[in-house]
Amino acid sequence: MPRSSLPVVIGRAGRPGGRRLVLSGHTDVVPAGDPGTWTRDPFSGAVVDGELHGRGACDMKGGVASILGAVRALRDAGALDRLRGELIVAFVPSEEDGGQGTLAAIRAGATGDMAVIAEPTNLELVVAHAGAITFQLTVPGRAAHASRRLEGVSALANLQTLVAALEADEARRNAAEAEPLMSALGMPYPSMVGKVAGGEWASTVMDRVVAEGRYGVRLGQTTEEAEAELRACVAAACEADEFLREHPAAVAITGARFGSARVPADHPLPEGLATVAAAVTGARPPRIGVPYGCDMRLFVNVGDTPCVVYGPGDVRLAHGADERVPLAQVEACARVLAAWVARELGA
């Protein structure tokens with residue numbers, strides 16, 4: 001998204017110079033889409049059966065509210081003044097389109113010994129996540145009159161050839177995954193074409209199609225390495241096709257680039273947070289991997305800050321109609337985060 005500024009909000013409490021914890025969330029949301037697909041106004045903020053409805057409720061205003069609730073609880077208990085270390089709260093924009101906000105916050109000093117992002121996880125503990133890059137394919141063809149279509153070469157048919165190659169590549173990459181956290185997902189690294197444009201006349205064979213899509217970044221892989229795999233897949237498919245061999249498709253990487261990240265499941269961060277969550281809620285959260293990218297990778301890979309994701313809401317409701325978050329989970333997350341900060345910083 002075009003931006004002229006990045007309004008990052010950073011709050012600090014406690015004593016600098018000791019251990020430092022970071023609680024973080026993003027404040028931007030995706031567009032609401034067609035209001036007709038929603039049961040109620042996408043920005044109503046209606047509470048129905050204990051759930052807050054609206055665009056961004058799950059992704060991730062529920063998590064932001066949990067962080068604010070945790071800090072308020074610590075303040076009301078007088079614990080913020082007793083912290084033997086520093087607590088940083090960072091609220092950022094631009095997560096949805098690539099993470100510029102968190103990158104800006106890291107550059108402004110929002111790093112530490114451990115970080116928690118309160119994205120929606122249904123109060124499960126994310127210790128590993130995949131990533132994704134977005135790409136554009138410009139696929140050539142040869143125009144001809146519809147009545148002589150066999151004398152032309154359809155760019156749309158050529159795109160189908162490339163999509164088939166991407167699907168085979170997707171199957172190979174996912175089958176090769178050896179990390180149980182990711183292989184348990186079935187398809188941790190999906191690839192897909194989500195947008196296609198082409199053709200100028202109904203009775204003309206298409207001579208150009210432009211497609212945009214998403215390509216998964218494997219755990220432990222950089223976005224540059226994923227790009228190299230994507231380009232190699234497209235190049236091999238072009239080389240195997242008589243027309244595309246002489247007129248190869250062009251590949252461009254556009255939009256957001258989400259790398260992958262992980263922390264060891266037995267790291268003190270997930271161990272400690274899981275222990276606190278079990279004490280507060282009565283249920284020890286499982287440690288999981290997820291097939292999407294988030295700002296965790298920036299804290300880990302850029303900010304040198306071990307980070308996990310733990311928050312209220314079901315990510316399957318994010319970005320869709322009737323997005324919502326259970327308020328009971330928002331409250332439970334706030335209680336867990338407050339207790340975790342108190343434990344780690346000795347309040």
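Just checking, which of G11, G25, G33 is under 21 Å from the mean Cα position of the chain (by Cα), in contact (Cβ under 8 Å) with a residue 60 or more places away in the chain and part of a strand (DSSP E or B)?
Details: G11 fails: under 21 Å from the mean Cα position of the chain (by Cα); G33 fails: part of a strand (DSSP E or B).
Unique residue meeting the criteria: G25.
For V139, all conditions in the list (1) surrounded by fewer than 24 Cβ atoms within 10 Å (Cβ to Cβ); (2) among the β-branched types (V, I, T); (3) over 16 Å from the mean Cα position of the chain (by Cα) hold save one; what is the number of the exception?
(1)
Can you tell which of G313, G282, G303, G272 is free of Cβ contacts under 8 Å to residues at least 12 places away in the same chain and farther than 23 Å from G194 by Cβ?
Values: G313 fails: free of Cβ contacts under 8 Å to residues at least 12 places away in the same chain; G303 fails: free of Cβ contacts under 8 Å to residues at least 12 places away in the same chain; G272 fails: free of Cβ contacts under 8 Å to residues at least 12 places away in the same chain.
One residue alone meets the criteria, G282.
Residue by residue, here is whether (1) in the same structural domain as G282 (by TED's automatic domain parsing); (2) under 21 Å from L337 (Cβ atoms); (3) modelled with pLDDT under 95 holds:
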{"position": "D81", "(1), (2), (3)": "yes, yes, yes"}
{"position": "G98", "(1), (2), (3)": "yes, no, yes"}
{"position": "I106", "(1), (2), (3)": "yes, yes, no"}
{"position": "G112", "(1), (2), (3)": "yes, yes, no"}
{"position": "A115", "(1), (2), (3)": "yes, yes, no"}
{"position": "E119", "(1), (2), (3)": "yes, yes, no"}
{"position": "L125", "(1), (2), (3)": "yes, yes, no"}
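If we scan the range 202-217, do we find a residue that is under 25 Å from the mean Cα position of the chain (by Cα), in contact (Cβ under 8 Å) with a residue 40 or more places away in the chain, outside any strand (DSSP E or B) and not assigned by TED's automatic domain parsing to the domain that holds G293?
No; the residues of the range 202-217 include none that is under 25 Å from the mean Cα position of the chain (by Cα), in contact (Cβ under 8 Å) with a residue 40 or more places away in the chain, outside any strand (DSSP E or B) and not assigned by TED's automatic domain parsing to the domain that holds G293.
Taking the condition acidic (D, E), modelled with pLDDT under 95 and farther than 28 Å from P312 by Cα, does E177 pass?
Numbers: acidic (D, E): yes; modelled with pLDDT under 95: no; farther than 28 Å from P312 by Cα: yes.
Against the criterion (acidic (D, E), modelled with pLDDT under 95 and farther than 28 Å from P312 by Cα), E177 does not qualify.
Only one of G313, G320, G293 is small (G, A, S), over 20 Å from A70 (Cα atoms) and surrounded by 17 or more Cβ atoms within 10 Å (Cβ to Cβ); which?
On the way: G313 fails: over 20 Å from A70 (Cα atoms); G320 fails: surrounded by 17 or more Cβ atoms within 10 Å (Cβ to Cβ).
G293 is the lone residue from the list that is small (G, A, S), over 20 Å from A70 (Cα atoms) and surrounded by 17 or more Cβ atoms within 10 Å (Cβ to Cβ).
Criterion first (more than 19 Å from V336 (Cβ to Cβ), touching a residue at least 24 places away in the same chain (Cβ under 8 Å) and not in a loop (DSSP other than H, G, I, E, B)) does L244 satisfy it?
Details: more than 19 Å from V336 (Cβ to Cβ): yes; touching a residue at least 24 places away in the same chain (Cβ under 8 Å): yes; not in a loop (DSSP other than H, G, I, E, B): yes.
Criteria met by L244.
Are there helices (runs of 4 or more DSSP H) fully within the range 261-347 with at least 2 residues that are under 17 Å from the mean Cα position of the chain (by Cα)? List them. Spell out how you get there, then give the answer.
Details: elements: 268-281, 296-301, 327-345.
It comes to 296-301.
Checking G255 against (1) at positive phi; (2) free of Cβ contacts under 8 Å to residues at least 24 places away in the same chain; (3) not hydrophobic (A, V, I, L, M, F, W, C), only one condition comes out false. Which one?
Unmet for G255, out of (1) at positive phi; (2) free of Cβ contacts under 8 Å to residues at least 24 places away in the same chain; (3) not hydrophobic (A, V, I, L, M, F, W, C): (2).
The values are calculated or read from the model by the stated rules, or taken from the named source; none is laboratory data. Every value quoted in this text rests on a predicted model; they were computed, and no experiment measured them. Neighbour counts run over all protein chains shown; Cβ positions are idealised from the backbone, glycine included.
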